[in-house]
Amino acid sequence: MNALAASFAVSCIRGHDSGVSTLQLDEELNRFFADVERRALRIAEIAVRNREDALDLVQEAMIKLARKYASKSSEEWPPLFYRILQNGVRDHHRRQAVRNRVMVWFGKSDDDGVDPIAAAPDPAGRSPDQELETGEAMRKLEEAVAALPNRQREAFMMRTFEGLDVRDTATAMGVTEGSVKTHYSRAVHALREALGEHWQ
Amino acid sequence: MNERKDNVTEDDALVAKAKGLFDESVQRLDAATLSRLNRGRQMALDQAGGHRVGIRWTQWVPATGVAAATVFAVVLWTGNRPIDDLTPPAQATDFEIILEGDDFEMLENLEFYSWIELDEDTKSHVG
């Protein structure tokens, strides 16, 4: 009888521990997402040039990380999260390219009527006043970063904007550390060329 | 050497300015966007909790539907197939018969064949 009671007590304690660790994990995940989500949104937005799409991509990345990789150590979360996000961005670009091809096939080219890019609202959803505050410098930077080749853009944004080190950037991009250094260096050079001396 | 040093300095300046502008834009995100991010985060955390509990019964509903649709499609697909690979489908056989030259010849002499048939019938009645 005593043995049975002891066994029950141990199982209760184990169950309690498991509940506590689950709670801790949720809190840790919450803190990680809260810390990373704003920068991730802006990074995705610069890449896809659309805030709504960027919000969807960030949410999908959070859900995938929470469902599949929450059990990994928290140090591994940043590169994993950005890898998922970059995959989402690449997939978005692929789908966009297909959509554009279909539009061309149906004869809806940019030459027909209004230029959709010029007519589209500001992707960041800013009012004219806010846009003035943001300034020409940020807009030029966003355009220049968006115009970079995919790999260079990824390396630059993860190293500069998110502050990932070379190793984590390599994990996030699925390339070697040497490749990250090359892409990053080329990106900085290209941005300097595109933005000119007056920008700095 | 000096040129390279200048480039490095310029690169550092560009990176620092880019980082500063980016951080500023992050700080200026509007309340509606922050609310959307918060909702997305809560949804992700809910999914993480749900995933640890295991698959809920509601998740079986679409899976069962997909399985039933797959079985139905397989049955339909195999139902239209020929009995074996050596037997051509009925439509192909009909098509071959129509294209056979002999039949066209028979059609051209249809009147002659009708007369022979009538003649043989008459003879059998007489006999």
Might you let me know whether the stretch B:18-36 holds any residue that is at pLDDT 90 or above, more than 26 Å from residue A:136 (Cα to Cα) and touching a helix residue (DSSP H, G or I) at 6+ places or on another chain (Cβ under 7 Å)?
yes
When residue A:25 is run through (1) surrounded by fewer than 18 Cβ atoms within 10 Å (Cβ to Cβ); (2) within 14 Å of chain B (Cβ to nearest Cβ); (3) at pLDDT below 90, the failure sits at (1)
Just the residues that are more than 14 Å from chain B (Cβ to nearest Cβ), surrounded by fewer than 13 Cβ atoms within 10 Å (Cβ to Cβ) and polar (S, T, N, Q), please, taken from the stretch A:61-95.
A:73
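Mind telling me which of the residues A:89, A:104, A:48 ends up being of a type in the set (A, V, I, L, M, F, W, C), under 30 Å from residue A:25 (Cβ atoms) and modelled with pLDDT of 60 or more?
One residue alone meets the criteria, A:89.
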Within the set of pairs 6 or more residues apart or between chains, which connect a residue that is of a type in the set (S, T, N, Q) inside the stretch A:140-169 to a residue that is surrounded by 20 or more Cβ atoms within 10 Å (Cβ to Cβ) with Cβ atoms less than 6 Å apart?
A:152/A:183; A:152/A:187; A:160/B:18; A:169/A:158; A:169/A:159; A:169/A:180
Being farther than 28 Å from residue A:78 by Cα, modelled with pLDDT of 90 or more and out of contact with any Pro (no Cβ under 9 Å at 6 or more places or on another chain) narrows A:195, A:132, A:191, A:148 down to just A:195
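The values are calculated or read from the model by the stated rules, or taken from the named source; none is laboratory data. In this text the structure is predicted, and so the values were computed from the model without any measurement. All Cβ positions, glycine included, derive from the backbone under ideal geometry; neighbour counts span all protein chains shown.
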